[in-house]
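Before any comments, here is the structure.
The values are calculated or read from the model by the stated rules, or taken from the named source; none is laboratory data. This structure is a prediction, so every number in the text was calculated from the model and none was measured. Here Cβ is always computed from backbone atoms with ideal geometry, including for glycine, and neighbour counts include all displayed protein chains. Please note that ligands, DNA and RNA were not included when accessible areas were found on the heavy atoms of the full protein model with its side chains. Shrake-Rupley method; radii C 1.70, N 1.55, O 1.52, S 1.80 Å.
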Amino acid sequence: MQEINLIREFPGYDIKQNQALSTYTNTRVGGPADWIFWPRNLDELSEVTRYARNQALPITVLGNASNLIITNQGLRGLVIFLTRLTEVSVNENTVTAAAGAAIIDTAQVACEHDLAGLEWAAGIPGSVGGAVYMNAGAYGGQVDDCLLEAVVLTPEGALKTYSKQALDFGYRHSAVQGTGEIIVSATFQLVPDAKVNIAERMEDFNDRRASKQPLEYPSCGSVFKRPEGYFAGKLIMDAGLQGFQVGGAQVSTKHAGFIVNKGQATGSDYVAVIKHVQAVVHEQFLVDLEPEVRILGE
């Protein structure tokens, strides 16, 4: 059996072998990927994923790799970064963005066209695809407030459109989390408003984020889901865990809901901090903290 060599199979495509994922993640942690691929269009994405599935290569799809932790073991098979798929277009009161477009940039385009509804996303460092995948949200807004529809690439290689209702959104949940489908674009239904008003709200959210969140260090964003009846950050703070550190990963002293990379952290450091925080919070308050952040790796 011939060894799989994606670079040989797809000459001219942007594919790398055995690369450290820490170069490409917001946390700056992550072991090696067997293969990393940056598709430039849907044809490339479809062609390479079809080949990978036929070869039984595991596929992991990432956007800005912001709300996730990759362990030291890295990822086997093919890792696809959609960050080259960034087109954003406006049609009357809708904004359509490719999955790799930054949600921040998409919110800015909406603002420039006097369209409101994405202000909450003005400081979220993720991609549109990632935001839809996990129904991202902040400051009282989230994806399912304004999503009209999303287009996915199915494992069979077909394009399929999901309505908002079909995506079965919940708290940090969407239907595509269990289907193996790849989100390729999303369309948001927005409402007209004066650009100055929209920009003012975006600036307010960004000021609040900068004053409360540890943006000066690499991080994976908010680590835990909000437990019913509580706030994760307050529980962690009340448990005396701010400043707790394993290796280079530390519970932020600025916002206890974040774990920051203070320098040379590894994915294993992050996982160790998460497990310790979960154990202490459960011991003190009988509350189970569930990670919001995705933890990937063998």
Report summary line: The set of residues whose placed amide H lies less than 5 Å from the amide H of Val223, leaving out same-chain residues fewer than 5 positions away, is Ile259
Report task. Would you pull out the residues with amide H under 5 Å of Glu149's amide H, same chain only if 5 or more places away, H placed 1.01 Å from N? Result -> Thr187
Requested in this report: For the stretch 1-42 and the stretch 240-298, compute the distance between their C-alpha centroids and round to whole Å.
Outcome: 29 Å
Report task. Give the ranking of Asp269, Asp145, Asp43 by solvent-accessible surface, highest area first, calculated with a 1.4 Å probe. Result -> Asp43, Asp145, Asp269
Report task. Could you run the Karplus curve 6.51 cos²θ - 1.76 cosθ + 1.60 with θ = phi - 60° over the stretch 258-269 and give me ³J(HN,Hα) per residue in whole Hz, x for Gly and Pro? Result -> 10, 10, 10, 8, 7, x, 6, 5, 10, x, 5, 4
Query - Karplus-derived 3J(HN,Hα), 6.51/-1.76/1.60, for each residue of the stretch 122-139, Hz, glycine and proline x - result: 4, x, 7, x, x, 9, 4, x, x, 5, 5, 3, 10, 6, 5, x, 6, 6
Query - Reported label for calculated Kirkwood radius over Cα pairs in Å given [x] 20.0; [y] 19.3; [z] 18.4 - result: [x]
Query raised in the report: In terms of solvent-accessible area of protein heavy atoms at a 1.4 angstrom probe, what is the ranking of Tyr51, Tyr230, highest value first?
Result: Tyr230, Tyr51
Report summary line: Placing +1 on each Lys and Arg Cβ and -1 on each Asp and Glu Cβ in the stretch 1-135, then taking the dipole about the Cα centre, the residue among Val90, Gly130, Gly31 whose Cα reaches farthest towards the positive end is Gly31
Query - Cut-off 15 Å between beta-carbons: net charge of the residues surrounding Ile7, Lys and Arg +1, Asp and Glu -1 - result: -4
Query raised in the report: Given charges of +1 on the Cβ of Lys and Arg and -1 on the Cβ of Asp and Glu, with all other atoms neutral, how large is the dipole of the stretch 230-298 about its Cα centre, in debye to the nearest 20?
Result: 260 debye
Requested in this report: In Å³ and rounded to a whole number, note down the convex hull volume per residue for the Cα atoms of the stretch 244-288.
Outcome: 64 Å³
Query raised in the report: Of the GluC sites (Glu not before Pro) in the stretch 56-154, which ones lie in a loop per DSSP and count no more than 16 other C-beta atoms within 10 Å?
Result: Glu87, Glu92
Query raised in the report: If you count the DSSP beta bridges with both ends in the stretch 53-113, what percent of them are antiparallel, to the nearest 5?
Result: 50 percent
Query raised in the report: When the dipole is taken about the Cα centre of the chain, and only Lys, Arg (+1) and Asp, Glu (-1) are charged at their Cβ, what size is it in debye, to the nearest 20?
Result: 720 debye
Query raised in the report: Could you give me the ³J(HN,Hα) list for the stretch 59-74, computed from phi with Karplus coefficients 6.51, -1.76, 1.60 and θ = phi - 60°, whole Hz, x at Gly and Pro?
Result: 10, 10, 9, 10, x, 7, 6, 9, 9, 8, 10, 10, 6, 4, 6, x
Query raised in the report: Using helices alone, what [θ] at 222 nm do you get for the chain, with -39,500 (n - 2.57) per DSSP H run of 4 or more residues, divided over all residues and rounded to the nearest 500?
Result: -8000 deg cm²/dmol
Query raised in the report: What shape does the stretch 28-154 take by its C-alpha gyration tensor, where a ≥ b ≥ c are the square roots of the eigenvalues and a/c under 1.5 counts as rounded, a/b above b/c as prolate, and the rest as oblate?
Result: prolate
Query raised in the report: Considering only Cα-Cα distances, which of the following residue pairs are longer than 18 Å: Lys225/Lys262; Lys254/Lys275; Lys164/Lys195; Lys234/Lys254?
Result: Lys225/Lys262; Lys254/Lys275; Lys164/Lys195
Report task. Considering only DSSP beta bridges where both residues belong to the chain, give the percentage that are antiparallel (nearest 5). Result -> 80 percent
Query - Dipole in debye (nearest 20) - the stretch 96-237, about Cα centre, beta carbon charges: Lys, Arg +1; Asp, Glu -1 - result: 480 debye
Report summary line: Straight-line reach check, Lys16, cutoff 12 Å on alpha carbons, 8 or more apart in-chain or any other chain, hits among aspartates and glutamates -> Asp34
Query - Percent of alpha-carbon pairs separated by more than 25 Å within the stretch 144-298 - result: 49 percent
Query raised in the report: Out of residues 5 or more away from Ala116 or on other chains, whose amide H comes under 5 Å of its own, with H placed 1.01 Å from N in the peptide plane?
Result: Val191, Asp193
Report summary line: When the charge dipole of the stretch 157-243 is computed with +1 on Lys and Arg Cβ and -1 on Asp and Glu Cβ about the Cα centre, the Cα farthest towards its positive end, among Tyr171, Val223, Thr187, belongs to Tyr171
